Amino acid sequence: MILDTTHLNRERTFFEPDETIWLFGYGSLIWKAEFDYHERRPAHIEGWTRRFWQGSHDHRGTPKAPGRVVTLVESPGTVCQGMAYRIDAETLAQLDIREKNGYLRELAVLHFPDGSHAEGLIYLATADNAAFLGDAPLDAMARQIAAAHGPSGPNRDYLLNLAIALEDLGADDPHVFALAALVRHCCAE
Ligand code: SIN
């Protein structure tokens with residue numbers, strides 16, 4: 001089901017309109033940075049883990065055959081590696097449209113490799129959003145990802161591009177790497 005969160009996010013104004021904002025990307029925002037930014041830096045957030053539990057009916061699947069994309073699930077003691085972008089409010093408003101299928105802007109503390117930190121935003125899709133799919137056996141998720149295709153392309157590409165980007169960042173993400181191995185193995189062309 002598609003729930004358009006664009007209008008909800010417009011009201012979630014945590015920063016002044018003339019401020020630049022740090023946005024932490026943990027999914028496609030890591031490897032598909034087709035938007036304007038002032039600065040791009042590897043970063044991590046704490047207490048969250050990445051999971052392919054969010055349905056994609058608009059980008060990597062369709063309403064009848066949704067794909068799976070990542071969201072974050074609370075996980076005390078866990079570190080989630082990703083990419084931080086310093087952006088304008090105008091760019092954030094454009095990203096609200098890209099992330100409209102269930103994601104809401106949330107505050108997060110971003111940690112940088114030099115030991116500094118900053119308050120910023122994440123797009124979070126929680127279990128109560130209409131597009132949430134939740135957990136499933138890993139091989140079932142892999143089959144769904146291998147089969148799904150949407151207006152932004154194959155769901156498989158989303159997963160494999162994310163796995164490559166996380167390897168490049170030196171990130172440890174057993175969930176993503178296990179899914180990528182299954183999809184490469186079961187769906188080699
Ligand atoms: C993100 O990348 O931070 C959000 C989820 C996505 O667009 O894949």
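Taking (1) among the aliphatic types (A, V, I, L, M); (2) in contact (Cβ under 8 Å) with a residue 60 or more places away in the chain; (3) within 16 Å of the ligand (Cβ to nearest atom) in turn, Val79 satisfies each apart from (2). For segment 169-186, the set of residues classified as under 17 Å from the mean Cα position of the chain (by Cα) and more than 16 Å from Val69 (Cβ to Cβ) consists of Leu169, Ala171, Asp172, Pro174, Phe177, listed by residue number.
Would it be correct to say that Ile21 is within 22 Å of Ile164 (Cβ to Cβ) and hydrophobic (A, V, I, L, M, F, W, C)? No.
Across segment 158-172, the number of residues qualifying as closer than 20 Å to Arg98 by Cα, in contact (Cβ under 8 Å) with a residue 40 or more places away in the chain and not polar (S, T, N, Q) comes to 4. Filtering segment 173-184 to residues that are touching a residue at least 40 places away in the same chain (Cβ under 8 Å) and either small (Gly, Ala, Ser) or in contact with a strand residue (DSSP E or B) (Cβ under 8 Å, 6 or more places away or on another chain) (or both) leaves Asp173, His175, Val176, Ala178, Leu179. Summed over segment 23-65, residues that are within 19 Å of Ser152 (Cβ to Cβ), aromatic (Phe, Trp, Tyr) and within 11 Å of the ligand (Cβ to nearest atom) total 3.
Note on segment 7-39: residues that are surrounded by 14 or more Cβ atoms within 10 Å (Cβ to Cβ), in contact (Cβ under 8 Å) with a residue 60 or more places away in the chain and of a type outside the set (Lys, Arg) total 16. Just one of (1) of a type outside the set (A, V, I, L, M, F, W, C); (2) part of a helix (DSSP H, G or I); (3) loosely packed, with under 14 Cβ neighbours inside 10 Å fails for Asn161. It is (3). Only one of the numbered conditions (1) at pLDDT 95 or above; (2) hydrophobic (A, V, I, L, M, F, W, C); (3) more than 20 Å from Glu46 (Cβ to Cβ); (4) in contact with a Lys or Arg (Cβ under 8 Å, 6 or more places away or on another chain) is violated by Ala140, and that is (4).
One residue stands out in segment 67-121 among those that are among the hydroxyl-bearing types (Ser, Thr, Tyr) and within 14 Å of Ile21 (Cβ to Cβ): the one that is surrounded by the most Cβ atoms within 10 Å (Cβ to Cβ), namely Tyr85. Taken residue by residue, segment 138-155 has no member that is crowded, with 18+ Cβ neighbours inside 10 Å, under 30 Å from Pro17 (Cα atoms) and in contact with a helix residue (DSSP H, G or I) (Cβ under 7 Å, 6 or more places away or on another chain).
The values are calculated or read from the model by the stated rules, or taken from the named source; none is laboratory data. A quick note: this is a predicted structure, and the numbers were derived from the prediction, not measured. Ideal geometry is used to build each Cβ from the backbone, glycine not excepted, and the neighbour counts take in all protein chains shown.
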